[in-house]
1. B:His209 to B:Gln21: extension gain in nm, 0.36 nm per residue of separation minus the Cα-Cα distance?
2. Can you tell me which of A:Ser81, A:Ser98, A:Ser44 moves the most in a GNM of chain A? Springs connect C-alpha atoms under 10 Å apart.
3. Which one of B:Ser104, B:Ser65, B:Ser84 has the biggest mean-square fluctuation once chain B is modelled by GNM with Cα springs under 10 Å?
4. Once a ≥ b ≥ c are taken as the square roots of the eigenvalues of the Cα gyration tensor of the range B:84-188, is the result rounded (a/c under 1.5), prolate (a/b larger than b/c) or oblate (a/b not larger than b/c)?
5. Give, as a single signed number, the net charge of other residues whose beta carbon lies under 13 Å from the beta carbon of A:Glu3, with Lys and Arg counted +1 and Asp and Glu -1.
6. For B:Gly14, which sequence-distant residues (separation of 5 or more, or a different chain) have an amide H within less than 5 Å of its own amide H, given hydrogens modelled in the peptide plane?
7. Using a Gaussian network model of chain A with C-alpha springs under 10 Å, which one of A:Gly99, A:Gly67, A:Gly25 is most mobile by mean-square fluctuation?
8. Just in the range A:101-148: which trypsin sites (Lys or Arg not before Pro) are loop by DSSP and have at most 14 other Cβ atoms within 10 Å?
Amino acid sequence: CTENYAEKYYNRPDVQKALHANITGIPYKWTACSDILIKNWNDSEDSVLPTYKELIKAGLRIWVFSGDTDSVVPVTATRFSLSHLNLPIKTPWYPWYSGNQVGGWTEVYQGLTFATVRGAGHEVPLFQPKRAYILFKSFLAGRELPKS
Amino acid sequence: TKQQELDRISALPGQPPVKFQQFSGYVTVNDNHGRALFYWLTEATTTPEKKPLVLWLNGGPGCSSVAYGASEEIGPFRINRTGSSLYLNKYPWNTEANLLFLESPAGVGFSYTNTSSNLKDSGDKRTAQDALIFLIRWMSRFPQYKYREFYIAGESYAGHYVPQLAKKIIDYNKSYSRPIINFKGFIVGNAVTDNYYDSIGTVTFWWTHSMISDQTYKSILKYCNFTAENSSKECDEAVNYAMNHEFGDIDQYSIYTPFCM
C-alpha cells in the first residue's frame, strides 16, 4: 500500500511549498497515476525493438532487467521480445550473485545486457533493493554482474 | 544560476537531516500550450560534481516518477505510513549518481498544462519531444551538468519513454561536435517492449507460474490474436476469466505479495 503514503504526503500544502510544486493551483489533487492520461493515450508504438536496433548501432550501453515475480510485464515477455533482436551472445547465461545468494540470471549480448532479479516484482528496487542496487552499480561501471 | 537557487530545497517536512543537496521545480516545455514538467533532483551523497546524472522515468502511461521511483524505489527517502514523515532508504541510488526524477508527460503528478485538451491528446511522440526540451532547458538552469556522463533509467511503460527519448537525444546530438547531453546509455526494468511478443510471454508466464488453468491457457492461445488492433470478445472473455476467477486476490505486480486492500 506504499503508494497511499505518497498520496497523503504530496498533497500536504507544506510539502508542496517545500518542493516549489503546484505553484499554479492545479485543479485536481496530486495522484500517483493520472486516469485521464492513461484512458486517452493516443499514439503508442507497437514495438520499440526497431528503436533498440538503432540505439545499439549508436553504441549506447543498454541494460534490460526483469523482476521475476511480476505478472504484468513478466520476465518471459521481456525475454521473448529481446530474443527477436537476434543479438550475438558475448557472455553466455550465468547466475549472478548478491551476497551469497543468487540475485538472478544474466546474459550479455553484443550491445545489450539482460538480467533477471530473483524475487522482485514490477518495481524491482521496491521489492529487492539490495539486488537492484548491485544491478545499478554494475550498469554504471559498465561491468558484468558478479559471478560469485 | 538564479533559478537554480530558487529551486533549492532547504528541507522537506518530516525529513531526516541529510548531507546531499536537493532541488525541485518546473521547466516549461511548451510556451503556447503552457505545458510545464516538474522535476526533483537529489544530488549524490558524496562528490556530486564527479558523479553521473541519471534521469529516472516511471511508466503508466500517466504515472509519477516522484510517487514511485523517488518515494518507494531508488530515491533517498521513504514515506512513513501516515504520510507525516520521511525515513532513509537503505539502498538509495544517489550514493552512485545524481538522480533526476521527472513527472512526465504534462498532467502527471505536479506537471501541468494550461491547455486542458493536452490531457486527452498525449502520446509517445509528444512525450519524447517534451522530455528532450525539458533536458535541454534544465541543463541551462543547471550548467554544471552539461557534458556530465548522462544515463536514463526507467521501468514499465517507460520501456517506451526511455528508448524513444534516447533516440531523440542521439538525433539532437548529431548537430553538435560536443553535445551538452553526454548520453552514455540506459537501463530499463520490466519494460513494455513489443505488444505481440510481450503478450505471448505474459500468457506463458501466467501458465508456467500456475496462475491459470490449462483450459484457460488453451482458450487464450486459441481466441487471442495478439497482432490484431482490437481483441475479440472471446479473447476478452478468456483473459477476464483468468483475472477474475483464477488469479485470485493477488497483486499482479508482485504475485507472491499480499494484496493491498
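Please treat every number below as a calculation from the coordinates, not as lab data. From a predicted model like this one, the values you see are computed outputs, not experimental measurements. Positions of Cβ are backbone-derived with ideal geometry, glycine not excepted, and every protein chain shown enters the neighbour counts.
1. 63.3 nm
2. Judging by the Gaussian network model, the answer is A:Ser44.
3. B:Ser84
4. Oblate.
5. Local charge sum for A:Glu3: -2.
6. Under 5 Å from the amide H of B:Gly14 lies no amide H from a residue far enough along the sequence or on another chain.
7. The residue with the greatest mean-square fluctuation here is A:Gly25.
8. Those that pass, being in a loop and sparsely packed, are A:Arg143, A:Lys147.
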